[in-house]
Amino acid sequence: MPEIARKLASLVDRVSNRLIWRFGSRPLNVATTVPIVSFTFDDVPDTALFEGASILEKHGGRGTFYIAGGLAGSVEPDRALISPEGCRELALRGHEIGCHTFAHKAVRALPGRSLARDLDRNAAFLREAAGIGQPQNFAFPYNAAWPLARRELRRRFRTCRAGGEAINRGAVDPVMLKGVAIRQPEEDARRLTAVIDDVAANPGWLVFYGHDVAERPTPWGCTPQTLELLVRHAAERGCALLPVAGALDRLGS
Ligand SMILES: [Zn+2]
């Protein structure tokens, strides 16, 4: 290829990549006078239903449960995963069911069309096993975002949550919604009341994520007492306890 043609092709690539990136990145504007706190759970262990959902409901809140259909009903050494009936129950009780892939693989391990197939499979699982419609929101397994998956994810979901350990404020990338972990050690989890104080003082959208809610939690979970402390603290500070979809509706996005 002559030098001039090669330079032109390279320029077209760069410009189109930038345009795709920009169109894919239309920011979500988190502007709110009322602090919003979303409690979310990944995978999801059955204790998040038995304990977590009940604690939220006691304080008038609802949560988002990011389900990976491939894990549902399985029993691991230190936790049991929610059954399809459990997913249905959560939805009936007003909680949001989100998507966490079917295979529970890092998104970068699902190249090409395999991501789309996996997401279709999870949607079919939720529909057939639990009677739940197309999930609106997604959480990255292992919080591992992957830029090449951006278009496919943006096409399907209102938001994709990762980690980031920060409150969402101002212009937020909807494909990189930030989450704050509720995990062991328990003393650290209990100190998250300070993050709630922060969002209450300077309103934004705080998205917590956890896993099991058990008397003997895994390293990625917490006890019912700690979750209760955090949910009560958020309610007492005047935070709206909304699932992710409800928070987006509130933000007008
Ligand atoms: Zn997970």
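In this structure, is T101 at pLDDT 95 or above, within 12 Å of the ligand (Cβ to nearest atom), out of contact with any His (no Cβ under 8 Å at 6 or more places or on another chain) and β-branched (V, I, T)?
Values: at pLDDT 95 or above: yes; within 12 Å of the ligand (Cβ to nearest atom): yes; out of contact with any His (no Cβ under 8 Å at 6 or more places or on another chain): yes; β-branched (V, I, T): yes.
Judged against the criteria, T101 is a match.
Is it true that A53 is closer than 16 Å to L242 by Cα, among the small types (G, A, S) and in contact with a Gly (Cβ under 7 Å, 6 or more places away or on another chain)?
Answer is yes for this residue.
Could you please find all residues in the range 153-195 being among the β-branched types (V, I, T) and more than 19 Å from R237 (Cβ to Cβ)?
Within the range 153-195, T159, V172, V175 qualify.
Look through I196, I167 and report the one residue that is buried (at least 21 other Cβ atoms within 10 Å of the Cβ) and either among the basic types (K, R) or touching a residue at least 40 places away in the same chain (Cβ under 8 Å) (or both). Steps first, please.
Details: I167 fails: either among the basic types (K, R) or touching a residue at least 40 places away in the same chain (Cβ under 8 Å) (or both).
Criteria check complete, one pass: I196.
Is it the case that R62 is more than 16 Å from the ligand (Cβ to nearest atom) and in a helix (DSSP H, G or I)?
Values: more than 16 Å from the ligand (Cβ to nearest atom): yes; in a helix (DSSP H, G or I): no.
Answer is no for this residue.
Which of the numbered conditions does F140 fail, given that it passes all the others? Conditions: (1) within 15 Å of the ligand (Cβ to nearest atom); (2) more than 24 Å from P84 (Cα to Cα); (3) at pLDDT 95 or above.
For F140, the exception is condition (2).
Exactly one of (1) within 23 Å of R62 (Cβ to Cβ); (2) hydrophobic (A, V, I, L, M, F, W, C); (3) within 16 Å of the ligand (Cβ to nearest atom) is unmet by V195. Its number?
(3) is the only condition that V195 fails.
Pick out the one residue from R150, R154, R169, R158 that is over 23 Å from L242 (Cβ atoms) and away from the ligand (no atom under 16 Å from the Cβ).
Details: R154 fails: over 23 Å from L242 (Cβ atoms); R169 fails: over 23 Å from L242 (Cβ atoms); R158 fails: over 23 Å from L242 (Cβ atoms).
So the residue among R150, R154, R169, R158 that is over 23 Å from L242 (Cβ atoms) and away from the ligand (no atom under 16 Å from the Cβ) is R150.
Of all residues in the range 104-125, which are of a type outside the set (A, V, I, L, M, F, W, C), part of a loop (DSSP other than H, G, I, E, B) and at pLDDT 95 or above? Give the steps one after another, and end with the answer.
To start, the set of residues in the range 104-125 that are of a type outside the set (A, V, I, L, M, F, W, C) comprises 104-105, 108, 111-114, 117-118, 120-122.
Next cut, part of a loop (DSSP other than H, G, I, E, B) only: 104-105, 111-112.
Across the range 104-125, the qualifying residues are H104, K105.
For the range 70-107, which positions are surrounded by fewer than 16 Cβ atoms within 10 Å (Cβ to Cβ) and of a type in the set (S, T, N, Q)?
Selection gives S74 alone.
Tell me the residue from I67, I55 that is within 30 Å of V195 (Cβ to Cβ), surrounded by 17 or more Cβ atoms within 10 Å (Cβ to Cβ) and over 16 Å from the mean Cα position of the chain (by Cα), please. Working first, answer last.
Numbers: I67 fails: over 16 Å from the mean Cα position of the chain (by Cα).
Checking each option against the conditions leaves just I55.
Could you list, in sequence order, all residues of the range 202-253 that are of a type in the set (S, T, N, Q) and modelled with pLDDT under 95?
S253
List the residue pairs whose Cβ atoms are under 7 Å apart, where the first residue sits in the range 52-79 and is within 19 Å of R216 (Cβ to Cβ), the second is away from the ligand (no atom under 15 Å from the Cβ) and not β-branched (V, I, T), and the two are 6 or more positions apart or on different chains.
G52/G63; G52/L227; I55/P224; I55/L227; I55/E228
Quick one: in the range 172-192, of everything that is within 16 Å of the ligand (Cβ to nearest atom) and among the β-branched types (V, I, T), which residue is surrounded by the fewest Cβ atoms within 10 Å (Cβ to Cβ)?
V180
For the range 126-145, what are the residues that are hydrophobic (A, V, I, L, M, F, W, C) and not in a helix (DSSP H, G or I)? Before the answer, list the steps.
Taking the range 126-145 and keeping what is hydrophobic (A, V, I, L, M, F, W, C), we get 126, 129-130, 132, 138-140, 144-145.
Answer for the range 126-145, where residues must be hydrophobic (A, V, I, L, M, F, W, C) and not in a helix (DSSP H, G or I): I132, F138, A139, F140, A144, A145.
The values are calculated or read from the model by the stated rules, or taken from the named source; none is laboratory data. Remember, predicted model here, so these are calculated numbers, not experimental data. Cβ atoms come from the backbone with ideal geometry, glycine included; neighbour counts cover every protein chain shown.
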